[in-house]
Amino acid sequence: MRAWPLLALWLGVTSCASTARITGDFGEYRRYREYRVATTVEARLGAAERYLREYPEGSYRKEVRAWYTPAERRYFKLAWDTLPRLRAYLDAMPRGPHAEAVADRITQLESRTVFAARREQRMLGHAQDIETRLSRAADQRRGFVREFSRLTELLAATRTFDEPTSELDPALLVRLRERPPPLHCEGDQCRKVFSFSYAVPEDKSLTERAIDVTLHIRLERGLVQELSLSGPELLTRLAEAITVRAVPPLNAQASAEALGQALEIVTASVDVGLPKEQCAVDAVSPVVLERRCDGVRLLVVAGTEPGAPDRLLVQRQPGDRAKKGRLKGAGG
């Protein structure tokens, strides 16, 4: 019989604790529980905002506010430049402290996105045309650099001075005689023009370039004395084709950089016939590259005025003919 009073007392105590939670405000506890069991930051922010808005004097307000206030501020700053996070903010907290600022920022970023999409749409057709032109321009640039390099290599390897043009390297003769236009000679001067065209990006568009490279042969009594390649701003045009970047006119620094870039290609071609280790000598302006050896002298001369021609010439080393004449006389 004594057990009944103790059991009744225990049921009363537990009943009162449970009833206190429920009868205090079940809705408040449900909101608080949503905050406690939320599995994402956005869900927890939303649950906390709802709890504090609906129960500003609730039993758990201090705990919830202590987490919510700094967390909401951090999320707002983090979301400022990211549309998905800004939208997630409004979805979770449509009445949050920064909801109005977030809505304005979404409008701003969406306007930019729409503008960019429309601009992209307008540019699509132009971009496709540019892609085709870029591909063609790349082929043209490669062709220009490849052919100029080969011509330079053939000139640097020439050793048939004081001999007829028929004794020149067969690969050079093919370029002179078989490929149009034909080699044109008047007296002791022969010349042929190689025309090249290409395009380089400039001011967000492709700028067309055209250059005529003249191969000139100076003869004496029908025998080869000197070969040269020349063209207006030839080295600058070569640098543009290599770097795929336009060289601004009248820009001293850009011109100097272009000269260095072009000389890398010229040097690589010249080294085949006149290696640097054996033939290099100090160049004196306006000469920018000079090689002397094996009875041959090669010069690269840069134009000193805008639009002036740059020249690469190969000739018998001065004094070499006289030396050979003396040797023949002594032998006789």
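Return the FRET efficiency for the residue pair LEU78, SER197: r is the Cβ-Cβ distance, R0 is 45 Å, and the value is rounded to the nearest 0.05. Step by step, r from the Cβ atoms, then E = 0.30. With a cut-off of 14 Å between beta carbons, the residues surrounding ARG65 carry a summed charge of +2, where Lys and Arg count +1 and Asp and Glu -1. A simple spin-label model places the labels of ARG33 and ARG85 3.3 nm from each other, with each point 7 Å out along Cα-to-Cβ. Please name which of PRO180, LEU250, GLN225 has its Cα lying farthest along the dipole of the range 127-331 towards the positive end, using unit charges on Cβ (Lys, Arg +1; Asp, Glu -1) and the Cα centre as origin. Of the candidates, GLN225 comes out farthest on the positive side.
Based on the convex hull around the alpha carbon atoms, the range 160-229 presents an average projected area of 5.5 nm². Taking 0.36 nm per residue of separation and subtracting the current Cα-Cα distance, fully stretching the chain between GLU167 and ASP212 would add 13.6 nm.
The largest-to-smallest principal axis extents of the Cα set in the chain are 153, 46, 34 Å. In the range 182-275, the C-alpha radius of gyration followed by the widest Cα-Cα span (Dmax) gives 16.1, 53 angstrom. About its Cα centre, the range 127-331 has a charge dipole of approximately 640 debye under the convention of +1 per Lys or Arg Cβ and -1 per Asp or Glu Cβ, with nothing else charged. The ranking of ARG95, ARG237 from fewest to most other beta carbons within 10 Å of each one's beta carbon is ARG95, ARG237. By how many degrees, 0 to 90 and rounded to 10, does the Cα axis of helix 99-156 deviate from the longest principal axis of the chain? In the chain, helix 99-156 runs at an angle near 20 degrees to the longest axis. Using the Cβ-Cβ distance between LEU109 and THR304 with R0 set to 56 Å, the FRET efficiency from 1/(1 + (r/R0)^6) comes to roughly 0.55.
Between SER285 and ARG61, what's the calculated FRET efficiency when r is the beta-carbon distance and R0 is 56 Å? Round to 0.05. About 0.10, to the nearest 0.05.
We did not get these values from a lab; they are worked out from the coordinates using the rules stated. Predicted model, so just to flag it, every value in this text is computed and none were measured. Note that we place each Cβ from the backbone using ideal geometry, even for glycine, and neighbour counts take in every protein chain shown.
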